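First up is the structure itself, then whatever we jot down about it.
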Amino acid sequence: MTPESSQNRSTRSTARAESDLSLEVVILIVFGVFMLLFGLLLFRIHTGELPYAPDSTYGLFLVIVSFQIITMGKTPFGDLRRSWAVILIGVCTAVIGMVACFVPGLLAEPVRILVGLLLSAGGAALLAQLFFSEDKARLWLKVPGILQQLTVACIIVYVMSIVLGLVTLLPGITTDPETAVLLIVYGIGFFYLSWCIQKVGRLYPPAGAETPGGSG
C-alpha cells in the first residue's frame with residue numbers, strides 16, 4: 001500500500017466520521033432550521049413585506065413530524081414501538097399536512113388546532129416523562145457534563161413547545177414580533193438538543209444510555 005492510498009483512506013474515514021449524524025439528530029436539525037427560519041421571516045411577515053399562509057406553515061410542520069413518527073416511532077408525546085398502527089398514524093399526519101400545504105384555507109382551523117394540541121400537550125407529556133422516568137433526568141442530573149446539558153436542552157425544547165402550542169391555540173395572546181422571538185429561541189433549542197444527543201451517542205453507546213424521546 002502506497003502512502004498516498006493510505007492517506008486517501010484516512011481522509012475518507014475522517015469525512016465519514018465527521019458526517020456521522022443519526023437520523024434523530026438530522027430531524028431535530030431540520031426542526032431547528034424550520035423554527036429559526038420561521039421566526040426570522042415572521043418579522044417581515046408582520047410588516048406585510050412577505051405573504052403568509054398560516055395553514056401551509058402548520059402543514060409543513062405536520063409533514064416533518066410525520067417523518068419522525070414513520071422512521072423512528074417518535075411521536076410528539078414520546079417513543080412508541082414502530083408498529084403498522086404507528087406508521088399509519090404517521091402517514092395520515094403527512095397527508096393532512098400535505099393537503100394543508102397544497103390547498104391553503106381548506107383545513108386552516110382544524111390544522112391550527114391540531115398543531116397547537118401536538119405542541120402544548122406533547123411538550124407537557126415529554127416534560128413529565130423527563131422528570132418522572134427513572135432513566136432520564138433523575139439519572140442524568142447525577143452525572144456531571146453532557147447528560148446535565150442534555151437535561152437542560154430537553155427542558156428548553158419542551159417548555160417552548162408548550163408555550164408555542166398555547167400561542168397557536170390562542171391567537172392574539174402574543175404579538176407577531178414576540179412570537180418570532182419565541183420561535184427563534186425554539187429553533188436554537190433544537191440545535192442545542194441535537195448537539196447534546198449526538199455527543200451523548202458518541203460517549204455512551206445505545207446499549208448503555210437512552211437518548212430522550214420525541215422533539216415536540
Single unsatisfied condition, Ala121 versus (1) in contact with a Leu (Cβ under 8 Å, 6 or more places away or on another chain); (2) among the aliphatic types (A, V, I, L, M); (3) closer than 30 Å to Gly172 by Cα; (4) open to solvent by 30 Å² or more (accessible area, probe 1.4 Å): (1)
Within segment 28-47, tally of residues that are open to solvent by less than 60 Å² (accessible area, probe 1.4 Å) and within 20 Å of Thr174 (Cβ to Cβ): 7
Residue check, Pro110 surrounded by fewer than 19 Cβ atoms within 10 Å (Cβ to Cβ), under 16 Å from Ala53 (Cα atoms) and touching a Gly at 6+ places or on another chain (Cβ under 9 Å): no
Boolean, Thr174 is of a type outside the set (Lys, Arg) and part of a loop (DSSP other than H, G, I, E, B): yes
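The rows are residues; the columns are (1) modelled with pLDDT of 95 or more; (2) among the hydrophobic types (A, V, I, L, M, F, W, C); (3) under 21 Å from Thr57 (Cβ atoms).
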site	(1), (2), (3)
Phe132	no, yes, no
Lys136	no, no, no
Leu139	no, yes, no
Val143	no, yes, no
Tyr186	yes, no, yes
Gln198	no, no, no
Tyr204	no, no, no
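The values are calculated or read from the model by the stated rules, or taken from the named source; none is laboratory data. All values derive from a computational prediction rather than experimental measurement. Don't worry about glycine lacking a Cβ; one is built from the backbone with ideal geometry, like all the others, and counts go over all protein chains shown. Side chains are part of the model used for accessible areas, which takes the heavy atoms of the whole protein and leaves out ligands, DNA and RNA. Shrake-Rupley method; radii C 1.70, N 1.55, O 1.52, S 1.80 Å.
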